[in-house]
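The values are calculated or read from the model by the stated rules, or taken from the named source; none is laboratory data. Note that this is a predicted model, so its numbers are computed, not measured. Glycine also receives a Cβ, built like all others from the backbone with ideal geometry; neighbour counts cover every protein chain displayed.
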Amino acid sequence: MSKALQAVRGMNDLLPDALGYWRRVERTAAGVLRAYGYREIRLPVVERTELFARSIGAHTDIVEKEMYTFEDRNGDRLTLRPEGTAGCVRAGIENGLLHNQIQRWWYAGPMFRHERPQKGRYRQFHQIGVEAFGMAGPEVDAEQILMSARLFAELGVDGLRLEINSLGTPEARAAYRTRLVEYLRRRFDALDDDSRRRLETNPLRVLDSKNPAMAAVIAEAPSLLDHLDAESRAHFEKLQELLRTAGVAFTVNPRLVRGLDYYTRTVFEWLTDRLGAQSAVCAGGRYDGLVELLGGRPTPAVGFAIGLERLVELLRQGAASADDDAPQVYVAPGEGAAERALALAEALRARGCSVECHFGGSLKSQLKRADRSGARFAVLLESDGRIAVKDLRGGEGQQSFAYDDALNYLAGRLQPRGG
């Protein structure tokens, strides 16, 4: 017998028991984002490789080592998207939606990076991304941070901490880069292999090293905040003032640089200690030069992405459950009543109830299954045509109704479920 095929490493199945949590996150996020005026956009999974090389940066780890890139039958170099911002900007430019306009968009879906799989980090992973275009001030930066905080609160996910920083303008960062390289060259013998490689290509990423042996080198490095231009400094100070006024606690982390070249000024991360090495649950910032870099007119922009696998794991660790994914009514027809059971289940669904209908087995086994299903009510079809309704979760016990009365009773006690 041939060996059974398995999923590609780092690309995981999302099984029914877990998807209740996923749908809760997706529904809650859609409601929060709608409340802030953000509209959904849907983007291709495959883009031209050049899009990511130009936007993310040719010397970033993502472009150099992690992208899934291939040549199609026409000889075009294509890539499975490793992140969503570049595609969102491309769509806005291509469809004439950015110049002299204000846009607030969100999207959700899979991203792909060839990384070493571990808890909270997969080769196919999912994000909810948020992008706002046409607003240059720190107010929209603060709004997005408040929006992410509201989402976590509505999901009941607590214990996250917010870190913020400013990367300044590209010109200020270039001057700082020169100073940082000079410092790192003086400490070259203390650098690990990864930092030595980054020293030549992307030295700011040395500050983001997770190697404990690099801690002293990073701590003594010059601070980017000391090299900000005046306008970026004012922008960052106003952002902090807005967050304090809104009651959002934060820490300024001058070593927070993010891993994509397109960021300018504000960067932020929501972090947790409950997921091992993968501490960032949500991250983003401002990228005022990206639209122009990809061929559009100069357009200020800011956005963030939430890692759904990590957020769902936090949800599962907490008190919240996925019980809302269970059926509301479980129909246990017993033997020989399949036709009546189907008709009753359809009538309940027509009234907005979610119904699971059992087929086969003894009535006793059906009732056990009804209890395990998480349903609020079990419905039994009595031999005289009446309907027995058993409250599995409350104190109403079991009652017997005529057919229409049973429908009215159940519909009156259950909230209609959407699709």
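Residues to consider are ALA234, ALA249; find the one that is assigned by TED's automatic domain parsing to the domain that holds ILE145, surrounded by fewer than 16 Cβ atoms within 10 Å (Cβ to Cβ) and assigned to a loop (DSSP other than H, G, I, E, B). Please lay out each step first, then the result.
On the way: ALA234 fails: assigned to a loop (DSSP other than H, G, I, E, B).
Exactly one of ALA234, ALA249 is assigned by TED's automatic domain parsing to the domain that holds ILE145, surrounded by fewer than 16 Cβ atoms within 10 Å (Cβ to Cβ) and assigned to a loop (DSSP other than H, G, I, E, B), namely ALA249.
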Next on the checklist: Restricting to segment 44-62, name every residue that is surrounded by fewer than 17 Cβ atoms within 10 Å (Cβ to Cβ), among the aliphatic types (A, V, I, L, M) and within 22 Å of the chain's Cα centre (by Cα).
Outcome noted: VAL45, VAL46
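So which residues in segment 329-355 are touching a helix residue (DSSP H, G or I) at 6+ places or on another chain (Cβ under 8 Å) and at pLDDT 85 or above, if there are any at all? Break it down stepwise before answering.
The first filter runs over segment 329-355 and keeps only residues touching a helix residue (DSSP H, G or I) at 6+ places or on another chain (Cβ under 8 Å), leaving 329-335, 344, 347-348, 351-353, 355.
Listed by number, the residues that qualify are VAL329, TYR330, VAL331, LEU344, ALA347, LEU348, ARG351, GLY352, CYS353, VAL355.
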Checklist outcome for this item: Taking segment 107-117 and keeping only residues that are out of contact with any Lys or Arg (no Cβ under 7 Å at 6 or more places or on another chain) and farther than 11 Å from MET11 by Cα, one is left with ALA108, GLY109, ARG116
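With the structure loaded, tell me whether ALA132 is in a helix (DSSP H, G or I), touching a residue at least 60 places away in the same chain (Cβ under 8 Å) and touching a Lys or Arg at 6+ places or on another chain (Cβ under 9 Å) or whether it fails that test.
Numbers: in a helix (DSSP H, G or I): no; touching a residue at least 60 places away in the same chain (Cβ under 8 Å): yes; touching a Lys or Arg at 6+ places or on another chain (Cβ under 9 Å): yes.
For ALA132, the condition - in a helix (DSSP H, G or I), touching a residue at least 60 places away in the same chain (Cβ under 8 Å) and touching a Lys or Arg at 6+ places or on another chain (Cβ under 9 Å) - is not met.
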Item to check | All positions within segment 68-78 that are under 17 Å from ILE56 (Cα atoms) and more than 21 Å from the chain's Cα centre (by Cα) | outcome: THR69, ARG77, LEU78
Checklist entry - Which one is farthest from TYR263 (Cα to Cα), of the residues in segment 202-218 that are assigned to a loop (DSSP other than H, G, I, E, B) and touching a residue at least 24 places away in the same chain (Cβ under 8 Å)? => result LYS210
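Among the strands (runs of 3 or more DSSP E) contained in segment 371-412, which hold 1 or more residues that are of a type outside the set (A, V, I, L, M) and closer than 13 Å to VAL331 by Cβ?
Working: elements: 377-381, 387-391, 398-401.
The qualifying strands (runs of 3 or more DSSP E) are 377-381, 387-391.
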Checklist entry - Yes or no: GLY10 surrounded by 12 or more Cβ atoms within 10 Å (Cβ to Cβ), at pLDDT below 95 and either over 19 Å from PHE112 (Cβ atoms) or assigned by TED's automatic domain parsing to the domain that holds VAL312 (or both)? => result no
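Residue by residue through segment 204-224, note down the ones that are buried (at least 17 other Cβ atoms within 10 Å of the Cβ), more than 28 Å from the chain's Cα centre (by Cα) and not β-branched (Val, Ile, Thr). Give the steps one after another, and end with the answer.
Within segment 204-224, the subset buried (at least 17 other Cβ atoms within 10 Å of the Cβ) is 204-207, 209, 214, 217, 221, 224.
Keeping just the survivors that are more than 28 Å from the chain's Cα centre (by Cα) gives 214, 217, 221, 224.
Listed by number, the residues that qualify are MET214, ALA221, LEU224.
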Item to check | Answer from LYS390, LYS364 - the residue that is surrounded by 17 or more Cβ atoms within 10 Å (Cβ to Cβ) and either assigned by TED's automatic domain parsing to the domain that holds ARG27 or of a type in the set (D, E, K, R) (or both) | outcome: LYS390
Next on the checklist: I'm trying to understand the selection: among the residues of segment 150-191, which are under 28 Å from the mean Cα position of the chain (by Cα), assigned to a helix (DSSP H, G or I) and surrounded by 20 or more Cβ atoms within 10 Å (Cβ to Cβ)?
Outcome noted: LEU151, PHE152, LEU155
